[in-house]
Structure formats: structure tokens, C-alpha cells
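A short worksheet on the structure shown next.
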């Protein structure tokens, strides 16, 4: 596994991160234990989680595993706050009280006294940005986290947030911004990527396989056991099941055939080659899927293939 600094900070992470969003939902405790073992054995360090994942069951499951395997010191633990379950629905809440309550809950469930990276999961338009950012500042000052970042912020929000914190007495920097980024979603390149590069922030890319589309599984239809066949996920995946995006998958297929690797490997190798990407967060329902994705670390794309993929996916932006 290769490692990178997150932006201009001293925080070092593995180039591929373990995503835990399915844990507690479609991934049970036995499968989760296998996934964590495979990830650590591959040299992975960054594990991304949130209180809302797995319907609220993820972090307790992860904490139990970290205690059982005594592996807390081997990982860079990245958490979030700002989405909360209320009345059976996920709601945004960036208020200081909710953010700190979620942080303390995460620490209890994960069985640790600090996170390595704590992120605002999403901006809340009903809460002043200064309140959310001040909460990050407080979390560092009280030792609950070592570094702080943001998630799903626009380019201008990223600039405002970093500038506000940099002007404070402690001059606490945001080290990262987490956004959806892949060959079928290059929207961050319009504003977020340039902002992050200018401000010295690293990008943590979620859904690096385009919500599963870049695995190639949808080339000839929708498999019955896929997320696109699940009414709860149909719209989420369907946003990337368009003719334009299908042309990107076919370009990936041609490249993968020429290189003798999988379509997913090419898609991941393209993404981690982007200079602002500190880590790509890969989640999986099965250990076999995770192993397959982690194997992409062995692939370095030739410049001409990177350029060809840039060209075909750039037209989709």
C-alpha cells in the first residue's frame, strides 16, 4: 500500500481507505471482521466512519472489532458528525450541541479517547458556519480529535471555512475535504479541487467507483442483487446509469482488456493518480469485493490511458 500526506498537513494515510457505510446493515460483524483484517494486512491505515452509518450500528460494531483485535493504534480513524437519525429519517443537524453529542457518542462506541480526523459530514444551511467551525476548533482544543476536515462542502464554502479558521487565534487548518469524485463524477474539479489545492487541503474521495457503476457490473443490465435493483438505492445509482456515463465505462473496459486488469482497477488507478487526492474510500459488501479493489494498488496507468480517460470523461462534466 502506498501512503500520502493529507494536503499540507503531517497526517499520513493509506492511498486507499476502508469505508464502513454498509457495516451494521448489509455487512454483519463476521464479514466486517474479515474486511478489517484484509485491509490491515494489505497495509491500509485510513478507516472512515460516521454515527449514521449502518442505521446507527456501524460505529459500535467497529469499536467492538478494534477492541477484540487490539488494532486501534494501527489505523487512522476518521469520523464525522452532522447527520442524525430522527423519526426514522436521516436529517442534517450541524448545531454545536448535536455535533459534540455525536462526537462523544462516537468516542464511546469506538472505544477510543480521540479521533485522528473529525469531519463536518455536511453543511447545514440552518446553522451559522461559524458555529460548525467553532465546534471543530473546540474538539481539537479538548483533545477529542487530532485533525479536522469537512465533507460535501462546495468550493466557495470550502474557501470560506478555511479562511475563517485560519484567521482565528489558534490558526487551526482544515486538512481535508471529502467529496464524491470519480470518472463519472468530475464535478469537484470545477471548484472544490482548485480550492483544496490552493488552500493546502487533501481530498478524500467517496464513491470512487461511481456508486458501483465503474465496476462494470451494469454494462449489460441491472443485476438482481445489485443496489440499482433495490428500491431504496435505485435513484442513487441510477444517476450514473446514463448513455454518456456508459461511454466512460466502455472506455474503461477497453483499457482494462489491454492491460489485463479489471475495470474497477483502472477506475481506481485513474483517481488516485490525481494530485489532490489523498485517499479513495472503498467500501464493499463482501471481503472478496474489498480484496479485488485493494489489488488496484499494484496498477500504475500509462500516461496515454490517463489522457484517453480524461478526454472521454471530461465531455461528461
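Throughout, read-outs are computed from the coordinates displayed, never taken from laboratory work. Since the model is a prediction, treat every value here as computed from it, not as a measurement. Please note: Cβ atoms are built from the backbone with ideal geometry, for glycine as well, and neighbour counts cover all protein chains shown.
Eigenvalues of the alpha-carbon gyration tensor of the stretch 11-72, scaled by 5 and square-rooted, set the equivalent ellipsoid semi-axes at 18, 13, 11 angstrom, largest first.
On a per residue basis, the convex hull of the C-alpha atoms belonging to the chain measures out at 127 Å³.
So if R0 is 25 Å, what FRET efficiency would residue 41 and residue 286 give, r being the distance between their Cβ atoms, rounded to the nearest 0.05? Using R0 = 25 Å, I get an efficiency of 0.95. Taking 246, 280, 81 in turn, the Gaussian network model of the chain (Cα-Cα springs below 10 Å) assigns the largest fluctuation to 246. Extending 7 Å from Cα along the Cβ direction at residue 96 and again at residue 126 yields two label points whose distance is 1.9 nm. Working from the Cα coordinates of the stretch 262-317, the gyration tensor eigenvalues give, after taking √(5λ), semi-axes of 22, 12, 11 Å in decreasing order.
Going from the fewest other Cβ atoms within 10 Å to the most, the residues 23, 206 appear in the order 206, 23. Seen from a random direction on average, the alpha-carbon convex hull of the stretch 88-192 projects onto 7.7 square nanometres. Plainly put, the stretch 81-147 has a radius of gyration that is 0.96 times its Kirkwood radius, both from alpha-carbon atoms, as the Rg/Rh ratio. Helical content of the chain, expressed as a calculated mean residue ellipticity at 222 nm, amounts to -12000 deg cm²/dmol (DSSP H runs of 4 or more residues, -39,500 (n - 2.57) each, divided by residue number, nearest 500).
Modelled spin labels at residue 1 and residue 298, positioned 7 Å past Cα toward Cβ, are 1.7 nm from each other. Computed from the alpha carbon positions, the gyration tensor of the stretch 29-170 leads to an equivalent ellipsoid with semi-axes of 27, 17, 13 Å, biggest first.
By other beta-carbon atoms within 10 Å, ranking 300, 60, 31 with the fewest at the front produces 300, 31, 60. Before anything else, pin down the relative contact order of the stretch 41-90: Cα pairs under 8 Å, at least 6 apart, normalised by residue count, whole percent. Reported relative contact order: 49 percent. Please label the shape of the stretch 171-222 as rounded, prolate or oblate, based on the square roots a ≥ b ≥ c of the eigenvalues of the alpha-carbon gyration tensor (a/c under 1.5 means rounded; beyond that, a/b larger than b/c means prolate, else oblate). Because a/c hits 1.5 or more and a/b exceeds b/c, the stretch 171-222 counts as prolate. In whole angstrom, how far apart do the alpha carbon centroids of the stretch 238-313 and the stretch 129-195 sit? Each part's Cα centre sits 27 Å from the other's. Considering only alpha-carbon pairs that sit under 8 angstrom and 6 or more positions apart, the relative contact order computed for the chain is 19 percent.
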